């Protein structure tokens with residue numbers, strides 16, 4: 001198993017990249033500006049692409065070089081470009097926070113990380129992996145999933161909810177790269193293309209809402225209209 005046979009340099013590199021991805025999720029959680037969300041997601045995707053290439057190098061998984069390239073192209077370039085086009089179409093610069101202010105969101109996110117650390121340590125102990133990078137990988141994966149769910153629950157703009165969903169998926173993808181790097185290439189390719197379909201569908205939905213309702217904020221979408 002790769003995580004049980006890592007040298008200190010590789011372990012430190014994987015840890016650094018995973019922590020950087022988590023910190024960028026906190027940037028998205030604590031910001032008011034939609035462009036900041038987008039820049040943080042793009043940077044997070046670039047980091048995950050670098051992580052995939054590093055795992056491919058240290059674990060001798062040559063197929064992960066292809067995954068890294070596709071991650072860079074799809075997550076780091078194409079998806080941010082499509083979302084940027086949606087932001088321009090919306091003509092909305094920032095998010096209106098009603099349920100949770102950014103500062104309080106960061107506090108909740110910190111509690112999520114502590115909860116994720118506790119769960120991850122217990123899981124790693126069961127599999128005798130508590131002294132490996134598995135604890136950090138599980139913590140970051142679960143934390144990013146919880147942060148993504150939080151963004152879906154408390155943010156109101158369509159862009160915020162799209163990015164919340166993508167952060168959630170980024171967490172799963174990052175964890176799988178470290179914990180199960182040898183998973184079938186076809187599965188990882190399907191995940192990448194699914195993300196493209198998700199963003200495209202959200203783009204169509206945004207266009208429909210703007211045309212027929214005049215807003216994409218769930219604050220204004222409280223009842224069905226005929």
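The values are calculated or read from the model by the stated rules, or taken from the named source; none is laboratory data. The model shown is predicted, which means the values in this text are computed figures rather than measured ones. Positions of Cβ are generated from backbone atoms using ideal geometry, with glycine treated the same way; all protein chains shown enter the neighbour counts.
Checked against the criterion of being out of contact with any helix residue (DSSP H, G or I) (no Cβ under 7 Å at 6 or more places or on another chain), at pLDDT below 90 and part of a helix (DSSP H, G or I), the candidates 81, 65 yield just one match: 81.
Among the residues that make up region 119-134, is at least one of them in contact with a helix residue (DSSP H, G or I) (Cβ under 8 Å, 6 or more places away or on another chain), farther than 20 Å from residue 12 by Cα and in a helix (DSSP H, G or I)? Spell out how you get there, then give the answer.
Start the filter on region 119-134 by keeping residues that are in contact with a helix residue (DSSP H, G or I) (Cβ under 8 Å, 6 or more places away or on another chain), which leaves 119-121, 123-124, 127, 129-130, 132-134.
Pick out the ones that are also farther than 20 Å from residue 12 by Cα and you get 119, 123, 127.
Narrowing further to those that are in a helix (DSSP H, G or I): 119, 123.
Within region 119-134 (the criterion being in contact with a helix residue (DSSP H, G or I) (Cβ under 8 Å, 6 or more places away or on another chain), farther than 20 Å from residue 12 by Cα and in a helix (DSSP H, G or I)), the answer is yes, since at least one residue qualifies.
Checking each residue in region 57-94 for being closer than 17 Å to residue 37 by Cα and free of Cβ contacts under 8 Å to residues at least 60 places away in the same chain picks out 76, 77, 80, 81, 84, 88, 91.
Condition check ((1) modelled with pLDDT under 85; (2) within 24 Å of residue 157 (Cβ to Cβ); (3) in contact with a strand residue (DSSP E or B) (Cβ under 7 Å, 6 or more places away or on another chain)) across all residues:
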site: 39; (1), (2), (3): no, yes, no
site: 72; (1), (2), (3): no, no, no
site: 86; (1), (2), (3): yes, yes, no
site: 90; (1), (2), (3): yes, yes, no
site: 108; (1), (2), (3): no, yes, no
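With respect to residue 116, is the statement that it is at pLDDT below 85 and crowded, with 20+ Cβ neighbours inside 10 Å true? No: the conditions fail for residue 116.
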